[in-house]
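Accompanying notes for the structure given below.
Only the coordinates and a few stated rules stand behind these numbers; no lab work does. Keep in mind the model is a prediction, meaning the values are calculated, not measured. All Cβ positions, even for glycine, are placed from backbone atoms using ideal geometry, and neighbour counts span all protein chains on display.
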Amino acid sequence: MSRIEQTFKQLKKSGRKALIPYIMTGDPSLDVTSKLIADLESAGADIIELGVPFSDPLADGPTIQRASERALQQGVTLRKVLDFVKKIRQTSQVPLILMTYYNPVFKFGIEAFAKEAADAGVDGLIIPDLIPDEADDFISAARRSKLDTIFLLAPTSTQERIKKVVKVSTGFIYYVSITGITGARLSIGGPMKDTLESVKGSTNKPVAVGFGISTPEEAAAVSKLADGVIVGSAIVRLIAEGKDVGEFVRNIKEAI
Amino acid sequence: MNKKVPDSKGHFGAYGGRFVPETLMPALLELNAAYKKYSKDRAFLKELSSLQKDFIGRPTALYFAGNLTEKLGGAKIYLKREDLCHTGAHKINNAIAQALLAKKMGKSRLIAETGAGQHGVATATGAALVGLECEIYMGSEDIRRQSLNVFRMRLLGAKVTEVSIGSRTLKDAINEALRDWTTNVRNTHYILGTVFGPHPYPVMVRDFQSVIGHEARKQILRAEKKLPDCLIACVGGGSNSIGLFFAFLRDNIRMIGVEAGGHGIESGEHAARFAGGSLGIFQGCKSYLLQNDDGNVLGTHSVSAGLDYASVGPEHSYLRDMKKIEYTYATDDEALAAFELLSRKEGIIPALESAHAIAEAVKIAPTMPKDSIIIVNLSGRGDKDVQEVARIKGIEL
């Protein structure tokens, strides 16, 4: 059982939900990211999602686009993120997921990337522009290196798509709460609730919900429907403003 | 084994496919099904054909450029006059067809990206024609270069949204259009302007543009009683070139795609994907891409906004591997010289994009026998570029 699956299993036993904060690696610097990981962990993060900067982040809203630009200006690359994770592993065993666009992985070499990511201590991968239909090579490389492959579903997903995504996802399934990009406004209820229920009904794998969750109240509402809550843009915004993220994350943790 | 190209998921050999957020998958599957249905629907095809004739002004002329031929002293040069299409470029062939399809699909809103502004104007025109709401994304750098087209789009009732992140050109406009589509996918159709992006766009746009080559083939046979020896077209995303080439693919004639050489390949400031790129995944498909070693997409440069793009249609990559099409490039300077040459010799001001194709004809026509024939796709007219050319020449208007 992977470290991510174990985390969800233990939380389920104690009747709790996973808190999964997202930060952009190298925004504003790798030193700050290193400190932020420690802060997030002590504020109650169960799993941490590390963004990899990319020149054309088409699934992201302006907050994460700008964070990505700042990290690129710091010279952060996929390879540097792997070196960074290796360093983090000397002090922390929190489950780590990389969220990266597909081209950097493809350019790195899919097999080599999976191996080096696993060696560095990465637990799972989220690639927002990779759908299962195009992921055969990636999935087999990840399986060989024992990395979880977390695919996404959305309110537009049909039964057929749900089946496909559930089948190849390991660790958990990432349910995108809105038809939109990261940091957009959340609306609980409506298509989100219906599709999410239909996803939950089709699998025993954990389902975490992300995109647009920015307050403890929203996190609380989402946590009633899912196994985990992903908070990204709201935290990235605090970092950009130079504000403390610990208290915000603690408040979310208490709410879910 | 003879595999179908592209396959059902849009793979042209190693290229193409669908690399998009899952949110868009149902919309792409819906579009694929609708396109399959309507591309065989007689009423739809009849309506499209009637609009091609009476609204766009097809067939466009195949014009023998006698003065240019005489000046170059070699092959006979014919120009396929897409510049005479309504709104001034081939882009309208695709935009009208997709607008009609979106209407049939029950969508209420159209969005598009634009580089030079030609596709934005074409889409705004299509939206006005079929009566749908329209929003166009355009990089702020392109807005500066093509202010006339921005005003044209607004006149046509479209909202033009400035994109001022990244390199502020075509690729950033596509990112923003994809973000909009991801957000408003239920009521919105995205009219992608070139043979790029996720399946079925590369196939669908090619089919809508292939009217260019079908006409040209008939026209040259009528005029010369034989097929041409060579076809030349500029390649940005690659829609006007594939539009001309597609009908000739089985004829075994030389076809040349001309990319934007910018300030030269060594300078790093260009958009010549085949000369300077490598295999990558970008904005929905796998193809040649200008990228660095870390897989980040490089900035591009071209005097022509319509060719200023980091990747190229997947079918082009495939046809290059198959040795059906050869690719070269023309620099900014060569394109500007061709722009002036065609204006003076033939009284036709070409788009700066099309001037890249003319520049290649200038290079190779003199090396070919006098009874040989070249067809150059004159993909658009140059009115939109007059201001920018004046600025480059240091002339105040």
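Table for the structure above
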read-out: Charge dipole (debye, nearest 20) of the stretch A:3-255; +1 at Cβ of Lys and Arg, -1 at Cβ of Asp and Glu; value: 620
read-out: Peptide B:182-195 - average C-beta neighbours from other chains (10 Å radius); value: 2
read-out: Loop-located GluC sites (Glu not before Pro) in the stretch B:337-397, at most 15 other Cβ atoms within 10 Å (DSSP); value: B:Glu396
read-out: Listed residue pairs exceeding 23 Å between alpha carbons, taken from A:Lys9/A:Lys107; B:Lys80/B:Lys393; B:Lys46/B:Lys226; A:Lys12/A:Lys193; B:Lys37/B:Lys107; value: A:Lys9/A:Lys107; B:Lys80/B:Lys393; B:Lys46/B:Lys226
read-out: Residue order, fewest to most beta carbons within 10 Å, for A:Glu49, B:Glu315, A:Glu247; value: A:Glu247, A:Glu49, B:Glu315
read-out: Relative pair counts by distance (%), Cα atoms of the stretch B:136-180, 10 Å bins; value: 33, 54, 13
read-out: Whole-angstrom gap from the stretch B:346-394 to the stretch A:55-77, using each part's C-alpha centre; value: 39
read-out: Mean separation of Cα contacts under 8 Å, 6 or more apart, over the residue count of chain A: relative contact order %; value: 23
read-out: Normalised contact order of the stretch B:1-86, rounded percent, pairs of Cα under 8 Å and 6 or more residues apart; value: 17
read-out: Residue order, fewest to most beta carbons within 10 Å, for B:Met153, A:Met1, B:Met255; value: A:Met1, B:Met255, B:Met153
read-out: Surface/4 estimate of mean projected area, convex hull on alpha-carbon atoms of the stretch A:104-208, nm²; value: 6.9
read-out: Peptides A:198-207, A:20-29 ordered by average Cβ neighbours within 10 Å, highest first; value: A:20-29, A:198-207
read-out: Loop-located trypsin sites (Lys or Arg not before Pro) in the stretch B:273-334 whose Cβ has at most 14 other Cβ within 10 Å (DSSP); value: B:Lys323
read-out: Pairwise centroid distance, computed over Cα atoms, of the stretch A:153-196 with the stretch B:21-35, Å; value: 16
